[in-house]
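First the structure, in the form of structure tokens, and then the observations on it.
The values are calculated or read from the model by the stated rules, or taken from the named source; none is laboratory data. Remember, it's a predicted structure, so these values are computed and weren't measured experimentally. Counting neighbours? That spans all protein chains shown, and the Cβs are built from the backbone with ideal geometry, glycine included. What goes into the accessible areas is simple: the full protein's heavy atoms, side chains included, and nothing from ligands, DNA or RNA. Shrake-Rupley method; radii C 1.70, N 1.55, O 1.52, S 1.80 Å.
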Amino acid sequence: MEQQSVKARTALLFDSPASKWEEAIPIGNGRLGAMVYGQPRQERLQLNEDSVWYGGPRDRNNPDALTNLPEIRRLIFEGRLKEAERLARLALSGLPESQRHYLPLGHLLLDFELPDGETERYERVLDLDSGIVTVSFSQGGVSFRRELFASFPDQAIVLKLSADRPGAVSFTARLERGGWRYADRIGRTGDDAIWMSGSCGGEGGSLFGAVLRASAEGGTVKAIGEHLLVENADSVTLVLAAATTFRVADPVGSALDRTSMAVRLGYDELRRRHIDDYRALFSRVTLSLCKAGQQDLERMTLGRRMERLANGESDPGLFALYFQFGRYLLIASSRPGSLPANLQGIWNEHFQPPWDSKYTININAQMNYWPAESCALSECHEPLFELLERMREPGRHTAAVMYGCRGFTAHHNTDIWGDTAPQDTWLPATYWPMGAAWLSLHLWEHYLFTMNGEFLHAAYPTLREAAMFLVDYVVETKSGELVTNPSVSPENTYILPNGESGVLCAGPSMDSQIIRELFGAVLQTEKLLGIQEPAALGSELRRVLDKLPQPQIGKYGQLQEWYEDYEEEEPGHRHISHLFALHPGSQITPTGTPELAAAARCTLERRLANGGGHTGWSRAWIINFWARLQDAEEAVGNLAALLTHSTLPNFLDNHPPFQIDGNFGGTAAIAEMLLQSHAGELQLLPALPKAWSTGSVTGLRARGGFTADIAWENGMLTEAVISSEVGGPCTVRVRERVLITNDGAAVEVETTREGSHRFHAEAGAVYRITVDIINDGVERNG
């Protein structure tokens, strides 16, 4: 496909070292992560290994939940909120109230000997095309260069340290954890490796081990005590590996073996293997929003470009860079065999991190994976599915002992062990039993994008159990509707007509929307797999669906958040849970449900007018909402706000403090602006802002097993290529009149007045869509 825009350089540029964590550059291979500061003389890498968590698995389910559940429900239905909340705090809370938390592995400390003089020509770069960080500078007439990457094929962090003068590389290295207070043993193996080991802490906690090994060209390498000394080398390769007993019996032994194998391969081979593996994922999607004449912006530092954007200057290429950085982060924090990306991805420096740096599953963990399918990183979705599978057994236990229900459930958090009991005793969030249901929908999304029948067959039991819990959990209102009770609308507070505020409720809108989405997925799955009664849940699901509350429009024209049209205590609240049906759900669309779409717009306008979107992830969700409403200017305006108000100097998302979900939500939103497929058709450029008037994207994925390349100029589609992996019906919606061909031959197409073009796609076929300029009847800009 002909490129209409200028190919942008995908790199983050810095002209100074990081002075704090929020300025450091993240690298990762899904399991191992590091933050690179790039200090010339005293460098440090803050290290993480994804299974370093405090403590082991526990049964935290409250044994008094089930006996008190009927009374809690009665009090909620009678509007006696304070009594219900007091009893819920006592009877439903986990024992103890907190799940396990994620910990740092430690630091790699490098103390360099440099020539006298000032540091000159300093540059620190993250090249997104290769996944490699480079640090380069000159001092005392010598040019120094460092390359760093986290290798997935070799499960190690690799550093190459070099200089343009022979014998100029000298340094001392050591490993550190919590000021050496949280490392039980430190030592050396031979003359080229040092190691650190200990307990992650807590009852049943894992043991960890980390190893650093050096290989030098020229000079000498020796280990003394806990230090690795390199003197007068021409260049040095450092390899760091780490593990815990979550995966291996002997973490130090495993890390010693990995570093030994890596060093034998040599730096050039390690680098080649890393790049080949990384590019196999990253290069699937390209995005160019940079017009001719804007290339100078790519030579600016990230800080300067962010400053220009904050001052209202145009830089479409910065949004493309943010998009690709989000894809880089998902590759770096979630790979097959790793744990899923948590609240901080894999990058956490705190021993008591914000919100425990675990998995918050009332929006945040789900948002981490919104770009996985649409942005062609389907394999990166797998760790979330594996965590969900680990949650099933504890989730069954929680469903049975707390609620007397079949199936499995989870609340608003989980951890490395798949803990499903309530987290915290914070009323606005803790007693929400929908976490497993929402997570299970990611299985269905994965199927819709890949059309992998074997995967769907394997996923069906999980989808079925998540739905089965809700069949049993819902209770009937006086009017005969079926609602969840107790629950909350995460994490918001409503006000009763008498002025009393509350959070516990029956039938919040989000719950009904999730149930409708999940039950619909299970019904379709049973049809596709040919599952019949009595094995099928169909009749039970339809019974509940028939009695679920329908979405209601409130007195302000907004979509109601609760079963009743309550006032809310914080109209600008960060959560906008009652728009789940708009995104990531598919029940509200501008063409299919225009009245509900208008109510969703009103909801967004009220949220933003009252200060909403003040956290990074909330702003990211808002961009996705606007994209689904096909309001391009609101979408790009909120995208600019995400970058200028909720993004740290290193391009990571800021809640505050740092959370990674906003990066992933923003990346997914950009994809939604360019291609949507949730409504049964591929809609090209549904929310294209005027500032992105010319551009191209390749490799975006769509439901139905399709891949789309799209080019546009002056705000109008010029060409698209649709590749069909599995074949089947394909509907494409565009504003223009188009011609669709396959191998140069016209395809039989049914075209509607609304701009939908329907045809049957063959498996493996490629369809070219070109604009029929003579007959399209669309007025063009410029």
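How many residues does the stretch 620-633 hold that are part of a helix (DSSP H, G or I), more than 18 Å from F325 (Cα to Cα) and in contact with a Leu (Cβ under 8 Å, 6 or more places away or on another chain)? Matching residues across the stretch 620-633 total 5. Here A459 clears all of (1) free of Cβ contacts under 8 Å to residues at least 60 places away in the same chain; (2) in a helix (DSSP H, G or I); (3) open to solvent by less than 40 Å² (accessible area, probe 1.4 Å); (4) small (G, A, S) except the condition numbered (1). Checked against (1) assigned to a helix (DSSP H, G or I); (2) surrounded by fewer than 20 Cβ atoms within 10 Å (Cβ to Cβ), T591 passes all but condition (1). Where strands (runs of 3 or more DSSP E) sit wholly within the stretch 201-248, those with at least 2 residues that are small (G, A, S), within 29 Å of the chain's Cα centre (by Cα) and at pLDDT 95 or above occupy 207-217, 235-244. For the stretch 46-88, a residue qualifies if it is touching a Gly at 6+ places or on another chain (Cβ under 6 Å) and open to solvent by 10 Å² or more (accessible area, probe 1.4 Å), and the qualifying residues are Y54, L66. Within the set S283, S314, S374, the sole residue that is surrounded by fewer than 24 Cβ atoms within 10 Å (Cβ to Cβ) and under 21 Å from T707 (Cβ atoms) turns out to be S283. Answer with yes or no whether T731 is closer than 24 Å to A320 by Cβ and either in a strand (DSSP E or B) or among the basic types (K, R) (or both). For T731, the condition - closer than 24 Å to A320 by Cβ and either in a strand (DSSP E or B) or among the basic types (K, R) (or both) - is not met. When E43, E71, E22 are checked against the criterion of being within 30 Å of P115 (Cβ to Cβ), acidic (D, E) and outside any loop (DSSP other than H, G, I, E, B), E43 stands alone in meeting it.
Every listed requirement among (1) of a type outside the set (A, V, I, L, M); (2) closer than 29 Å to R124 by Cα; (3) in contact with a strand residue (DSSP E or B) (Cβ under 6 Å, 6 or more places away or on another chain) is met by H578 save one, (2).
Filtered by the rule that a residue be of a type outside the set (G, A, S), buried (at least 24 other Cβ atoms within 10 Å of the Cβ) and closer than 22 Å to L559 by Cα, the stretch 616-671 gives W617, R619, W621, I622, I623, N624, F625, W626, R628, N638.
For the stretch 684-714, a tally of residues being of a type outside the set (A, V, I, L, M, F, W, C) and open to solvent by less than 30 Å² (accessible area, probe 1.4 Å) returns 10. The sole residue among A600, A640, A669 that is touching a strand residue (DSSP E or B) at 6+ places or on another chain (Cβ under 6 Å) and part of a helix (DSSP H, G or I) is A600. In the stretch 486-525, the qualifying residues are those that are of a type in the set (D, E, K, R) and open to solvent by 10 Å² or more (accessible area, probe 1.4 Å), and the one that is nearest to V474 (Cα to Cα) is R516. Would a scan of the stretch 420-428 turn up a residue that is closer than 21 Å to L463 by Cβ and open to solvent by less than 10 Å² (accessible area, probe 1.4 Å)? Checked the stretch 420-428: at least one residue is closer than 21 Å to L463 by Cβ and open to solvent by less than 10 Å² (accessible area, probe 1.4 Å). Just wondering, is there one or more residues in the stretch 379-395 that are assigned to a loop (DSSP other than H, G, I, E, B) and out of contact with any Leu (no Cβ under 7 Å at 6 or more places or on another chain)? For the stretch 379-395, residues assigned to a loop (DSSP other than H, G, I, E, B) and out of contact with any Leu (no Cβ under 7 Å at 6 or more places or on another chain): absent. Scanning the stretch 169-191 for residues that are in a loop (DSSP other than H, G, I, E, B) and touching a residue at least 40 places away in the same chain (Cβ under 8 Å), we see that the one that is nearest to E217 (Cα to Cα) is R177. Screening the candidates Q352, Q344 for the property of being at pLDDT 95 or above, of a type outside the set (V, I, T) and open to solvent by 10 Å² or more (accessible area, probe 1.4 Å) yields one hit, Q352.
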